[in-house]
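Everything on this sheet refers to the single structure shown next.
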Amino acid sequence: MAVALFFSCQSKEETAPVYPSFIEVSLPQPYRVEAGSTFVISVGAIKEEVSFEWDLPPILRIVSGDGTNSITVKCLQEGDIPSGTIGVCSVNASGKSIKRKFWYDITITPRVIAISSSIPGSQTLYPGEILTLTAPDLEGIVAYEWNTPEGFVAVEGQNTPVAKYRAGDDFCTIARGAFKVTLTEDDGSKSEYSFGKYIHIIDITKAKRYGKKAWTRQNLNYSGVNGDLGKVMSDDPTGEKYGRYYSWGEAMTGEAGASDPYNDGDTVQDDEGNTFVVGYTTAKDFGIQIQGACPEGWHVPNAYDFYDLPDGIADDYNVRRNTINDCATAKSGIYMPSNRETKPMTAMNMVTNGFASSYVRGGKPKCEGGLWIRNDATVTEDGLYFYTTGTGVFPAGSNYPLYLDKDESIGFSIHPYGRIESDGTSNSNFGKYSFHWTATVDKGKHYRFTVGFNTANLSTYAESGVYENLRCVANY
């Protein structure tokens, strides 16, 4: 009995805590997570009364659950977490268990703060217009602070996720990253993010928005660094009337006498950081944005730009028709079949698209003091209408408009300045056609779009070796 009594008076010896189970993270493999975000690290619960001691690299901070088997951590900055640097021990009064480690790498990627704009497409404003920029309303952000670049006036919301600005009266280009927002985290750390697009305050007499894109309304007259870029007409030595005429290589590079810089199959990175394989048949260069001879933040029109011009006009000026039959009946309007994603450089003929060029034509016929001559075979004596032998739903012999009453208010103002031939001096088709380069390549030739003097077509054609005018589109 004495022996039994002796043993019953002894305290029970506490054993070392159980080795934690495998560590799991709430991330899919491969383990990648954005800086500033949170994720969960956990092990299985233990029946015994224990706490958990976590060993983390400095790049992680425990947000909640410290001392438990499941913690939420915040990624403080971008970087790599090598395997074996996250560990956990179970702990009780007797001590610690062996440390369990996580044997996988985790990559913390840079935090992506996508600042959105109230302007779709080309970031252009007219003087006095309001621009709204929005940053994500993120968990853990306790303060927002927006700057106000020169050229804009702060309106409201500069300490909120949504800031409003009014464009000033001066025409200017605001560089990428000029608009910034500083985010303050709940731990006091600060991070700065920028709006990564050009913003233009534009003179409506020189540039205008059509749909989601802004175009220059005048032919480019940029003569290059040394004043030798492009050709001019003999009666316009400064290029003030007609603009300059560029080879395709000059238009795409901004360098006098430049040869063709891109060929079918070339891999090209454009000015917005997008990679394209050049070649009209691949559908990969439809949206390419190459500055070339255009001003900073503008580019040589691509295939999508060509398609989107009449598409934007159709909506902005309420001239869209639901069918080509509606265009034929009304003798007006634009019909846009859904071929943008497959063949955006397809010519827009009257029988498929209606009166596309009648809304972009500038000036009046020669009989009214304009430049557009008339084709005696197909244009009426007043030069305002043309007639056809009859195609599809368009009856033969009817008068169809070369000019419509909205062309001046639309103000795209294409004029028939012709082109300069490969000899570099002689002009052809003055008064008959306009020729403007695009960035589109097909089988070694280069697409241009054209308005003619005797139809309502917005034509396209691929050619080389000549000098043509250039309009520019604001980057988006």
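Annotation: ASP271 carries an accessible surface of approximately 70 Å², with a 1.4 Å probe and no ligand, DNA or RNA atoms counted. Of all lysines in the structure, those lying under 30 Å Cα to Cα from LYS190, and not within fewer than 8 positions of it along the same chain, are LYS74, LYS164, LYS180.
When nucleic acids and ligands are ignored and a 1.4 Å probe is applied, TRP54 ends up with an accessible area of around 30 Å².
Using a probe of 1.4 angstrom, how much of the accessible area of the stretch 293-403 is carbon and sulfur, in percent?
Answer for the stretch 293-403: carbon and sulfur cover 49 percent of the accessible area.
Rg/Rh, computed from the Cα trace of the stretch 245-285 with Rh as the Kirkwood radius, has the value 1.01.
Note: relative contact order over the chain, using C-alpha pairs below 8 Å and six or more positions apart, is 11 percent. Highest mean first, the peptides 17-25, 328-336, 242-250 sorted by other C-beta atoms within 10 Å per residue fall in the order 242-250, 328-336, 17-25.
When N is the residue count of the stretch 300-355, what does its C-alpha Rg come to as a fraction of 2.2 N^0.38 Å?
Details: Rg = 10.9 Å, N = 56, 2.2 N^0.38 = 10.2 Å.
The reported ratio for this selection is 1.07.
Going by a ≥ b ≥ c, the root eigenvalues of the Cα gyration tensor, does the chain fall in the rounded group (a/c under 1.5), the prolate group (a/b larger than b/c) or the oblate group? Prolate, since a/c reaches 1.5 and a/b exceeds b/c.
For the stretch 18-136, the Kirkwood hydrodynamic radius comes to 16.7 Å, computed from all pairs of different C-alpha atoms. Solvent-accessible surface of the chain, taken per residue with a 1.4 Å probe and all protein chains present: 47 Å². For THR132, tell me the accessible area in Å² from a 1.4 Å probe, rounded to the nearest 10. Surface open to solvent at THR132 totals about 30 Å². Just the protein heavy atoms count here, and of the accessible area of the stretch 229-270 at 1.4 Å, carbon and sulfur take up 40 percent. Of interest is the spacing of the C-alpha centroids, which for the stretch 69-147 and the stretch 332-370 amounts to 50 Å. Here r is the Cβ-Cβ distance between THR275 and CYS172 and R0 is 45 Å; the resulting FRET efficiency, rounded to 0.05, is 0.90. For the stretch 73-167, carbon and sulfur atoms together expose 51% of the accessible surface, with a 1.4 angstrom probe and every protein chain in place. Amide H to amide H distances under 5 Å link SER464 with HIS446, where only residues 5 or more positions off or on other chains count and H is placed in the peptide plane.
Calculated from DSSP H runs of 4 or more alone, at -39500 (n - 2.57) each and per residue, what is the 222 nm mean residue ellipticity of the chain, nearest 500?
Values: 6 runs with 42 residues, N = 476.
Value at 222 nm, helices only, nearest 500: -2000 deg cm²/dmol.
Converting the Cα gyration tensor eigenvalues of the stretch 50-96 into ellipsoid dimensions via √(5λ) gives semi-axes, longest first, of 22, 12, 6 Å. Once backbone amide H atoms are built at 1.01 Å from N, ALA143 has THR184 as its partners under 5 Å, excluding neighbours fewer than 5 places away on the same chain. Compared with the dominant Cα axis of the chain, that is its longest principal axis, helix 303-316 is turned about 80°.
Along the stretch 355-368 the Karplus relation, 6.51 cos²θ - 1.76 cosθ + 1.60 evaluated at θ = phi - 60°, assigns HN-Hα couplings of 9, 4, 6, 5, 9, 10, 5, x, x, 10, x, 4, 5, 10 Hz to successive residues, with x for each Gly and Pro.
The values are calculated or read from the model by the stated rules, or taken from the named source; none is laboratory data. All values reported here derive from a predicted model rather than from experimental measurement. In this analysis, Cβ positions are derived from the backbone assuming ideal geometry, glycine residues included, and neighbour counts consider all displayed protein chains. When the accessible area is computed, the model is the full protein with side chains, heavy atoms only, and any ligands, DNA or RNA have been set aside. Shrake-Rupley method; radii C 1.70, N 1.55, O 1.52, S 1.80 Å.
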